[in-house]
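Only one structure is covered here, and it is reproduced in the block below.
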Amino acid sequence: MWTAKAIAELKKGFPYHVAASTEAAKFTRVPRADEIKIDPNASYVHMATNNTIEGTQWSTPPVVGNVPLVADMSSDILSRPPTFQNSD
């Protein structure tokens, strides 16, 4: 829900690229690594680590190379040790 709202704001006039989405599967899973297409020239990658509505949660971050990863962890930040970090 929050990511959809963020994308709606971007559609108001900012360039963006959706690197992966499981909307077609009604968000019942996180994207597989082969579904994620990161633009190496992106300013940053934004993601939500947890979907409280569908009950999905990233256990490890997606590989984003040298692009900064910004993670919305507002719904699960205290549910596990803060070891969620970008690594190749």
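Only one of the numbered conditions (1) within 11 Å of the chain's Cα centre (by Cα); (2) at pLDDT below 90 is violated by VAL30, and that is (2).
Tell me whether segment 23-40 contains one or more residues that are in contact with a Lys or Arg (Cβ under 6 Å, 6 or more places away or on another chain) and outside any helix (DSSP H, G or I). No, segment 23-40 contains no residue that is in contact with a Lys or Arg (Cβ under 6 Å, 6 or more places away or on another chain) and outside any helix (DSSP H, G or I). Selection of segment 1-19 for residues being within 18 Å of ILE53 (Cβ to Cβ) and touching an Asp or Glu at 6+ places or on another chain (Cβ under 9 Å) yields TRP2, THR3, ALA4, ALA6.
Being more than 13 Å from PRO62 (Cα to Cα) and among the hydrophobic types (A, V, I, L, M, F, W, C) holds for only one residue in ALA8, ALA19, ALA48, and it is ALA8.
The residues in segment 1-23 that are surrounded by 10 or more Cβ atoms within 10 Å (Cβ to Cβ), farther than 20 Å from VAL67 by Cβ, free of Cβ contacts under 8 Å to residues at least 40 places away in the same chain and hydrophobic (A, V, I, L, M, F, W, C) can be counted, and the count is 1.
Each residue in segment 41-54 was checked for being of a type in the set (A, V, I, L, M, F, W, C), open to solvent by less than 50 Å² (accessible area, probe 1.4 Å) and in a loop (DSSP other than H, G, I, E, B), and 1 of them qualify.
Matching residues to (1) of a type outside the set (Phe, Trp, Tyr); (2) closer than 20 Å to LEU78 by Cα:
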residue: TRP2; (1), (2): no, yes
residue: LYS11; (1), (2): yes, no
residue: PHE14; (1), (2): no, no
residue: ALA24; (1), (2): yes, no
residue: ARG32; (1), (2): yes, no
residue: SER43; (1), (2): yes, no
residue: ILE53; (1), (2): yes, yes
residue: GLN57; (1), (2): yes, yes
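Based on this model, can you work out whether VAL64 counts as touching a residue at least 12 places away in the same chain (Cβ under 8 Å), touching a Leu at 6+ places or on another chain (Cβ under 8 Å), open to solvent by less than 60 Å² (accessible area, probe 1.4 Å) and hydrophobic (A, V, I, L, M, F, W, C)? Considered against the rule, which asks whether it is touching a residue at least 12 places away in the same chain (Cβ under 8 Å), touching a Leu at 6+ places or on another chain (Cβ under 8 Å), open to solvent by less than 60 Å² (accessible area, probe 1.4 Å) and hydrophobic (A, V, I, L, M, F, W, C), VAL64 comes out as no. With respect to the numbered conditions (1) closer than 22 Å to PHE27 by Cβ; (2) modelled with pLDDT of 90 or more, which one is the sole condition not fulfilled by THR52? Just one mismatch for THR52, condition (2).
The values are calculated or read from the model by the stated rules, or taken from the named source; none is laboratory data. On a predicted model such as this, the values are computed, not experimentally measured, just so you know. For neighbour counting, all protein chains shown are included, and Cβ atoms are generated from backbone atoms with ideal geometry for every residue, glycine included. To get the accessible areas, we keep the full protein, side chains included, count just its heavy atoms, and leave off ligands, DNA and RNA. Shrake-Rupley method; radii C 1.70, N 1.55, O 1.52, S 1.80 Å.
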